[in-house]
1. Fully extended, how many nm does the chain gain between Arg195 and Ser46 (0.36 nm per residue separation, minus their Cα-Cα distance)?
2. Rank these for me by crowding, Asp191, Asp40, going from fewest to most other beta carbons within 10 Å.
3. Would you mind getting me the FRET efficiency between Glu129 and Asn202? Use the beta-carbon distance for r and R0 = 30 Å, nearest 0.05.
4. Give Lys158/Lys221; Lys145/Lys227; Lys238/Lys269; Lys11/Lys95 a once-over and call out the pairs whose C-alpha atoms are over 22 Å from each other.
5. How far apart, in nm, are the 7 Å Cα→Cβ label points at Met92 and Asp18?
6. Taking R0 as 25 Å, what FRET efficiency do you get between Glu32 and Phe99 from their Cβ-Cβ distance, rounded to the nearest 0.05?
7. Among Cys29, Ser46, Met92, which residue has its Cα positioned farthest towards the positive end of the charge dipole of segment 1-99, with +1 placed on the Cβ of Lys and Arg, -1 on the Cβ of Asp and Glu, and the dipole taken about the Cα centre?
8. How much length, in nm to one decimal, is gained on full extension between Asp154 and Gln56, taken as 0.36 nm per residue of separation minus their Cα-Cα distance?
Amino acid sequence: MTYNSLLHNLKNTDIMWDVYTEIKASGICLSEYTNAIILDGLCRQSLIHEAVLFLQETKEKEPHASIVLFNNLIFGFCKMGFVDIAKSFFCMMFKYGLFPDVYSYNILIHGLCMMGSIEEALDFTNDMEKYGLGPDHVTFNIITKGFRLLGMMDDAGKVTNRMLRRGLDIDRHIYNTVEERFSLCNNGRMDEALRFLSEMENASLIPDHVMYSIIINGLCKMGEVQKAVQLYKEMCLKKITTDYVQNRSTLLRLCEKGGVSEVRSYFDKVANSNLVEDIVLYNIMINKYAKLGNIGEAIRLCEIGPNIIVIIKDFESLFIILKRELAQNIRYESW
């Protein structure tokens, strides 16, 4: 209806209530959807007291209070941080002869997780099954984020595995965060990170370049250079593209931990796959050869590099090495 569309567009403004009052005074029969819009608008404007009074008013009239009205009210209180009050209205639904739906539970579980009450959130998750409501992928994603906020990454991983066993969709951002903690913060857990990657693929979730980059950098940090290069090759075969920042970061990691053959293998793969040559990648590789004293290969890369002006800084480092070698030769000859 036209007036519902009007109220919906005004629900973030204080004009909404004035328009609603005029519509009601005109004698138009208001629907449940209209009440839901009004309650949602009051909650969005943080007019919680007015929202509660409005809910009490609908109790005495047709149409009666509905699940949608309660959901809006629960959402409003959770958004303001009043989770205990939200729980009270959640329980009040049963007194009205209403049964919370999955969305009702998810709103409250999210509010509890944001307040750090993960145990209570898990209790409500278990209650869902008692009432014949199976937790969906949204529920589990909320719980996983709740564990992550508390730094309980092992528990977050267990919830993710539970989702996989149920065949539920998993938020890729959750995977990326869990992988980052495993690969960069918890040394020695790369096998677990790689297993997560495999589980994603088995669940028909395509890991993105962020996921691969996190694991590749983690492998480099652990000194597993060959595995890192192999994983990058697999990434290329799957046509998963990376950006310049991630390529540079990975190459720097390889230079720190890997031998020149692994570093060059990665460099060639990246250089051949990118349509536009990246001067920074060339500079990193040139510095690697310069530090190893392989002046010939460093100069050759300078000659084929995309921008000779930017590489002047590396010529300075080459000059220092050449000067050092020349001094060593002179000492050797005089001896």
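No value in this document is a laboratory result; all are computed from the given coordinates. Everything quoted here is computed from the prediction, not taken from an experiment. Reconstructed Cβ throughout: ideal geometry from the backbone, glycine too, with neighbour counts over all protein chains shown.
1. On the way: separation 149, 0.36 × 149 = 53.64 nm, distance 4.51 nm.
Full-extension gain reported as 49.1 nm.
2. Working: Asp191 10, Asp40 23.
The fewest-first ordering by Cβ neighbours comes to Asp191, Asp40.
3. On the way: r = 25 Å, r/R0 = 0.84.
Using R0 = 30 Å, I get an efficiency of 0.75.
4. Over 22 Å apart, Cα to Cα: Lys158/Lys221; Lys145/Lys227; Lys11/Lys95.
5. 2.9
6. Numbers: r = 16 Å, r/R0 = 0.65.
Computed FRET efficiency for Glu32 and Phe99 comes out at 0.95.
7. Toward the positive end, the furthest listed residue is Met92.
8. Working: separation 98, 0.36 × 98 = 35.28 nm, distance 4.44 nm.
Between Asp154 and Gln56, full extension yields an extra 30.8 nm.
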